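For reference, the structure discussed in these notes is given below.
The values are calculated or read from the model by the stated rules, or taken from the named source; none is laboratory data. Values in this document were obtained by computation on a predicted structure and should not be read as measured data. Because the Cβ atoms are built from the backbone with ideal geometry, glycine has one as well, and the counts that use them run over all protein chains shown.
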Amino acid sequence: MSAAPQKAKAGAEKIAVTVSAVVPLNDLVTRFEFTRTDGADFPPFSAGAHTVVEMRDGDRTRLNPYSLMSDPADRSIYAISVRRDDQGRGGSLFMHTNVKVGDQMTLTYPVNLFPLDLRAKKHVFFAGGIGITPFKAMIAQLEQSNGNWELHYACRTPALGTYADELAEKYANKVHIYYDDQSQAIPLEDLLDGQPLGTHIYVCGPAGMIDWVHATATAHGWPSENVHSEEFLAPQPGKPFEVRLCQSDITIQVGEHESLLEAMERCGVDAPFLCRGGACGQCETDVVEADGEFVHRDHWLDDEDHASGKKIMPCVSRFIGKTLVLDR
Amino acid sequence: MSKFQFPESIASRPVYGTLEPRPGKAHLMIADAEGAEAILDLAAQDAGLMAKTHIIYIPKGTDFAEALRALEPAQFYEGPSYAASVQRIRKVLGDAHMGLQVYLAGTEGLMGQAMNEAVSAGIPASAIQTEHRGSIARRMQCVHCKGITEDVTTDPFVCSHCGLNLFVRDHYSRRLAAFQGVCIDAEDPGNVPAPVELYK
């Protein structure tokens with residue numbers, strides 16, 4: 001047992017905050033800045049960390065993870081940049097349409113699932129679209145220590161290049177921008193060639209881009225330890241299903257538009273979580289009995305675990321079938 | 001055959017695998033003595049491998065050098081000892097780029113020391129392949145005087161620096177690339193069991 005005190009509730013500890021600025025950056029992306037309601041400094045965070053934002057949307061509580069993109073050295077604010085997803089589950093739309101300066105909100109303490117490997121001789125960042133956010137904090141952190149880094153950032157158009165101009169102006173020799181509408185593409189194979197031994201690469205963006213970087217790096221002989229990525233999955237809707245939670249001794253219904261984790265929380269079950277996006281592993285749950293098919297969508301369990309039918313990640317994965325009994 | 005199955009031991013003790021060709025821009029193979037056989041087996045699996053390979057080989061009295069040369073690697077270096085070869089290993093790693101694959105074969109002492117060089121050059125230990133071949137002799141550090149005794153084959157043995165009688169432990173230091181030797185007769189000086197060959 002560790003000496004850490006047992007937490008009373010699931011998830012990271014929470015911080016009450018006040019929205020201090022809402023800054024629209026372009027048609028899709030808005031930056032939200034927060035100060036602590038009690039006036040104190042925020043806890044320090046390492047670049048790459050995310051926070052889970054709690055949104056009170058009527059009687060529904062939305063919990064969405066966002067990368068912290070403010071300078072880790074500035075403890076007076078936390079900032080996130082949110083891309084509006086009109087087809088999504090509504091969290092980003094809520095942020096864009098409902099959140100105003102002065103609003104009281106709740107954030108969790110930062111959790112870092114995408115840290116810099118500080119043993120690296122050089123850091124190369126690959127960003128796609130809103131995937132730029134963790135790199136904003138990483139660049140700020142590395143600039144403090146005169147770190148060796150470069151950024152390759154693919155955006156759809158100059159108008160939608162969030163922070164592209166700002167970064168390109170400030171770090172002209174380190175930042176390379178590629179615009180889709182000008183048929184520019186990241187020359188990945190060339191960039192992987194000739195990097196000094198001990199270089200680490202980091203990718204944040206759409207799933208296809210992440211897979212492309214991993215596969216290309218592997219084919220070029222890069223160790224998997226030197227290739228880092230982060231992708232938060234949003235839970236996808238699916239057919240409603242019924243689950244029995246044997247520890248809690250209740251049977252719950254999971255609706256079409258909610259995740260299994262959200263359904264548990266709605267029914268008062270205090271299930272563990274950190275990222276809510278299939279990456280951190282905190283919500284891993286043992287399956288006691290199952291008659292049906294799992295729809296595994298997480299990045300945490302390996303293929304063997306997925307095939308075994310003994311484990312499920314309730315934040316993003318679902319179930320289709322007759323009976324599902326979980327040890328929760 | 002030059003292969004030996006080490007008995008299961010504590011977590012500290014390194015375990016070795018079997019070399020396999022991996023995709024890479026360049027390949028660095030460092031071997032001593034019978035480690036050459038592992039490289040010959042590796043080359044037989046991939047005809048294109050040697051054109052991008054630099055072999056650094058320490059024969060230690062064996063005669064595999066000609067067979068390795070016949071593989072026609074891009075570069076071949078034959079060194080009289082590890083100590084004499086380490087300058088070249090550092091130079092090659094210092095000039096190398098990502099996409100380099102490192103293969104180590106032969107004795108535990110050679111693999112451990114070369115592993116240290118590769119890791120400090122920036123390659124994660126888990127990405128470096130190793131294959132034990134040949135002598136089961138160990139590189140030992142005396143925990144009392146800190147002196148290193150190479151090629152220890154019996155337990156206990158006499159420290160080549162301070163002369164203490166040392167018990168051969170499986171406790172291994174990756175930093176030193178050496179197993180730990182601890183005085184066996186500290187409490188009853190002179191009461192030293194007869195040395196037996198390792199693993200016998």
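So here's what we get for this one:
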read-out: Residue in the stretch A:83-100 that is nearest to the other protein chains (Cβ to nearest Cβ), counting only those that are assigned to a loop (DSSP other than H, G, I, E, B) and loosely packed, with under 12 Cβ neighbours inside 10 Å; value: A:Q87
read-out: Identity of the residue in the stretch A:207-262, touching a Gly at 6+ places or on another chain (Cβ under 7 Å), closer than 30 Å to A:H123 by Cβ and part of a loop (DSSP other than H, G, I, E, B), that ends up nearest to the other protein chains (Cβ to nearest Cβ); value: A:G221
read-out: Selection status of A:S76, at pLDDT 95 or above, farther than 30 Å from A:T285 by Cα and outside the structural domain of A:A159 (by TED's automatic domain parsing); value: yes
read-out: Residue in the stretch A:298-315 that is assigned to a strand (DSSP E or B), on the phi > 0 side of the Ramachandran plot and either surrounded by fewer than 18 Cβ atoms within 10 Å (Cβ to Cβ) or among the charged types (D, E, K, R) (or both) present; value: no
read-out: Residue tally, condition in contact (Cβ under 8 Å) with a residue 40 or more places away in the chain and under 16 Å from the mean Cα position of the chain (by Cα), over the stretch B:86-115; value: 15
read-out: Number of the condition not met by B:A83 [criteria: (1) in contact (Cβ under 8 Å) with a residue 12 or more places away in the chain; (2) more than 19 Å from B:L49 (Cα to Cα); (3) part of a helix (DSSP H, G or I)]; value: (1)
read-out: Extreme residue, farthest from the other protein chains (Cβ to nearest Cβ), among residues of the stretch A:194-206 that are of a type in the set (A, V, I, L, M) and closer than 24 Å to A:L68 by Cβ; value: A:V203
read-out: Residue in the stretch A:269-288 that is in contact with a helix residue (DSSP H, G or I) (Cβ under 8 Å, 6 or more places away or on another chain) and more than 30 Å from A:G48 (Cα to Cα) present; value: no
read-out: Any hit, the stretch A:194-205, residues being out of contact with any strand residue (DSSP E or B) (no Cβ under 8 Å at 6 or more places or on another chain) and crowded, with 18+ Cβ neighbours inside 10 Å; value: no
read-out: Qualifying residue in the stretch A:62-80 (condition: assigned to a helix (DSSP H, G or I) and either surrounded by fewer than 14 Cβ atoms within 10 Å (Cβ to Cβ) or out of contact with any His (no Cβ under 9 Å at 6 or more places or on another chain) (or both)); value: no
read-out: Positions within the stretch B:142-158 being crowded, with 22+ Cβ neighbours inside 10 Å and under 16 Å from B:Y82 (Cβ atoms), in sequence order; value: B:V152
read-out: Residues that are part of a loop (DSSP other than H, G, I, E, B), of a type in the set (A, V, I, L, M) and within 18 Å of B:F4 (Cα to Cα), drawn from the stretch B:134-155; value: B:I136, B:A137
read-out: Residue match in the stretch A:121-134 (condition: surrounded by fewer than 16 Cβ atoms within 10 Å (Cβ to Cβ) and free of Cβ contacts under 8 Å to residues at least 40 places away in the same chain); value: no
read-out: The stretch A:263-297, residues that are charged (D, E, K, R) and in a loop (DSSP other than H, G, I, E, B); value: A:D270, A:R276, A:E284, A:R297
read-out: Counted residues, the stretch B:112-128 - those being buried (at least 20 other Cβ atoms within 10 Å of the Cβ), of a type in the set (G, A, S) and in a helix (DSSP H, G or I); value: 3
read-out: Criterion violated by A:H176 - all others in (1) free of Cβ contacts under 8 Å to residues at least 40 places away in the same chain; (2) in contact with a strand residue (DSSP E or B) (Cβ under 8 Å, 6 or more places away or on another chain); (3) within 14 Å of another protein chain (Cβ to nearest Cβ); (4) surrounded by 14 or more Cβ atoms within 10 Å (Cβ to Cβ) satisfied; value: (3)
read-out: Residue match in the stretch A:94-117 (condition: of a type in the set (K, R) and under 24 Å from A:L192 (Cβ atoms)); value: no
read-out: Whichever residue in the stretch A:183-193 is loosely packed, with under 13 Cβ neighbours inside 10 Å and assigned to a loop (DSSP other than H, G, I, E, B) and, among such residues, is nearest to the other protein chains (Cβ to nearest Cβ); value: A:P187
read-out: Residue match in the stretch B:95-102 (condition: closer than 20 Å to B:E20 by Cβ, polar (S, T, N, Q) and surrounded by 17 or more Cβ atoms within 10 Å (Cβ to Cβ)); value: yes
read-out: When residues of the stretch B:86-111 are limited to those that are among the hydrophobic types (A, V, I, L, M, F, W, C), more than 12 Å from chain A (Cβ to nearest Cβ) and not in a strand (DSSP E or B), the one nearest to B:Q129 (Cα to Cα); value: B:M111
read-out: Residues of the stretch A:102-120 satisfying the condition of being surrounded by fewer than 17 Cβ atoms within 10 Å (Cβ to Cβ) and of a type in the set (G, A, S); value: A:G102
read-out: Residues (within 14 Å of another protein chain (Cβ to nearest Cβ) and among the charged types (D, E, K, R)) located in the stretch B:1-52; value: B:E20, B:R22, B:K25, B:D46, B:K52
read-out: Cβ-Cβ under 8 Å pairs, at least 6 apart or on other chains, the stretch A:208-219 side within 17 Å of A:A154 (Cα to Cα), far side surrounded by 15 or more Cβ atoms within 10 Å (Cβ to Cβ) and acidic (D, E); value: A:I210/A:E231
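Yes/no per residue for (1) closer than 25 Å to A:D57 by Cα; (2) touching a Lys or Arg at 6+ places or on another chain (Cβ under 7 Å); (3) touching a residue at least 24 places away in the same chain (Cβ under 8 Å):
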{"residue": "A:G268", "(1), (2), (3)": "yes, no, no"}
{"residue": "A:G278", "(1), (2), (3)": "yes, yes, yes"}
{"residue": "A:G281", "(1), (2), (3)": "no, no, yes"}
{"residue": "A:E293", "(1), (2), (3)": "no, no, yes"}
{"residue": "A:A307", "(1), (2), (3)": "no, no, no"}
{"residue": "A:K311", "(1), (2), (3)": "no, no, yes"}
{"residue": "A:C315", "(1), (2), (3)": "yes, yes, yes"}
